Each structure stands twice: as structure tokens, then as C-alpha cells.
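Q: One structure is given below, represented as C-alpha cells, and several questions about it will come after.
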Amino acid sequence: MPREKLQRPLPLFNRIYRPRRADHYHDQLNVWCDRLGVPHIEFQTTAFVDSSTGRPVYEAVPIFPRFDVCRPLDDYTRRRASKPRAQQASKRALRRAGLFNGIIRWDFERAFIGWTATPYVYGNREPLRDTRFIGRGSSIKDAKEDSARRLLTEGLCVTS
């Protein structure tokens with residue numbers, strides 16, 4: 001396989017993911033994660049009392065992957081007879097090197113015999129402290145739903 005084929009950046013994030021209005025935003029955020037092959041977004045939730053109403057208010061801060069750190073790991077590309085076998089062989093190599101953290105996007109290429117699996121690793125997940133994406137609500141569920149809505153409608157969630 002040509003070397004330049006492996007080093008090209010994947011066109012992963014060039015189209016904004018448009019949520020369907022009929023579904024819950026949190027569910028659609030999970031669908032987006034599944035399509036990208038990253039773990040579902042988790043949330044740090046905190047509660048405080050609204051001084052004007054005396055009622056509890058919850059905030060949800062998304063723990064979001066840093067997608068700006070994307071690089072192919074050519075040294076861990078493996079070729080096998082099928083996609084799953086190539087991926088498993090590559091995962092074993094990543095684990096041995098201590099690099100496998102579960103936030104990996106895979107590029108599969110048809111090879112002369114079988115398939116090659118090239119892993120692309122993204123940065124660690126971290127709290128997204130931008131106030132545009134911190135959800136608020138009268139319950140933990142409402143706060144998470146509000147944060148998911150903000151992530152999906154503000155153009156942060158993109159796909160290929």
C-alpha cells in the first residue's frame with residue numbers, strides 16, 4: 001500500500017451533524033458518538049440553589065474528546081484477512097505500547113490480500129468549560145438534555 005495513502009488526513013469533520021427534532025438530543029448525541037466511533041459523552045453534574053426562587057438548579061458540563069489532536073499511528077497499522085481481524089491486531093499492538101485509550105477512529109483499506117486497519121487517535125476527553133455548552137435544568141436529566149442540545153445545535157458536533 002502506498003505510504004502517502006496512510007498519511008493523508010481523514011475527512012472526518014467537515015459536515016455539521018443536524019439533529020432530528022423529534023428525538024431527544026441526548027439520544028442523538030449518542031448516535032453521533034456511535035457514528036464517529038467514540039465513547040458516549042459523559043457529563044459532570046453539579047447542583048445549586050437558585051437564590052431568586054429557592055429551587056435547585058442543575059448544571060451539566062460535557063466531558064468531550066479533544067478532536068483537534070488527530071494523527072494516524074502508522075506504526076500500528078496491521079493487515080489481516082478481514083476488517084475485524086486487522087482491527088484486533090492493531091488494538092493488540094496499541095495496548096502493548098500503552099496507547100490504547102478507547103478514543104480511536106479507524107481507517108480501513110482494501111489491501112492486496114485482506115484489509116489494513118490504521119488507527120487515528122484523538123486527544124483525551126476533558127470537561128468542555130465553554131459556557132455555551134454547559135446545560136442547565138431543574139433535574140440532572142434536564143441539564144444533560146440541555147447540554148446535548150447545545151452541543152448539537154451550536155455546530156460542535158460534525159461528521160464526515
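Throughout, read-outs are computed from the coordinates displayed, never taken from laboratory work. Keep in mind that this is a model prediction, so the values were computed, not measured. In this analysis, Cβ positions are derived from the backbone assuming ideal geometry, glycine residues included, and neighbour counts consider all displayed protein chains.
Q: Treat each spin label as a single point 7 Å out from the Cα along the C-beta direction, and report the LYS83 to GLU154 distance in nm.
A: In this crude spin-label approximation the distance works out to 3.3 nm.
Q: Sticking with this structure for a sec: Under the 0.36 nm per residue contour assumption, what length would be gained going from the current alpha-carbon distance of ARG95 and HIS24 to full extension?
A: 22.0 nm
Q: Sorting HIS24, HIS40 on the 10 Å Cβ count, fewest up front, what's the list?
A: Ordered by Cβ neighbours within 10 Å, fewest first: HIS40, HIS24.
Q: Would you mind checking the radius of gyration and Dmax of segment 71-121 based on alpha-carbon positions, in Å?
A: Here Rg and the maximum Cα pair distance are 9.9, 30 Å.
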